[in-house]
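Presented below is the structure to which this report refers.
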Amino acid sequence: MLAKIHVTLKPGVNDPQGLAIAGGLHSLGFGDVHEVRSGRYLEVRMEGVDRATAERQIEEMCQKLLANTVIETYRYEVAEVREDAGV
């Protein structure tokens with residue numbers, strides 16, 4: 001199984017990295033950029049588990065370690081990965 005996890009700051013939480021990126025884009029001539037919110041993307045590969053177990057474990061991983069649920073939100077998708085797919 002492959003879980004693709006996106007972690008982002010909740011709306012209203014100050015995002016200094018996003019502000020710095022927006023400033024950099026403005027200085028490069030991208031003046032139409034209004035706001036940038038930064039986040040993290042993670043991939044977690046799991047072996048020997050079914051989809052329901054993988055989803056339950058990913059949820060627990062996000063709650064316990066991968067996201068600070070006070071200031072961040074997360075979303076994920078879990079998909080089966082074939083061995084011969086080269087992924």
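Any read-out appearing in this document is the output of simple, stated calculations on the displayed coordinates, not a laboratory observation. Everything numeric in this text was worked out from a predicted model, so none of it was measured. For neighbour counting, all protein chains shown are included, and Cβ atoms are generated from backbone atoms with ideal geometry for every residue, glycine included.
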Response to the item:
Output row, site I21, 7 Å Cα→C-beta label point, backbone N cut-off 18 Å, window region 39-69, residues 39-43, 67-68
Worksheet item: Quick one, which of (1) 46, 16, 8; (2) 20, 14, 12; (3) 32, 17, 8 is the actual semi-axes √(5λ) of the Cα gyration tensor in Å calculated for this model?
Response: (3)
Practice prompt. Could I have the simple spin-label model distance between S38 and T73, label points 7 Å from Cα toward Cβ, reported in nm to one decimal?
Written response: 2.0
Fill in: 5 angstrom amide H check on G39, placed H, neighbours 5+ away
none
Worksheet item: Once Lys and Arg get +1 and Asp and Glu get -1 on their Cβ, which of A52, A79, S38 lies farthest toward the positive end of the dipole of the chain?
Response: S38
Response to the item:
From DSSP H assignment alone, runs of 4+ in the chain each adding -39500 (n - 2.57), the sum over residues rounded to the nearest 500 puts [θ] at 222 nm at -8000 deg cm²/dmol
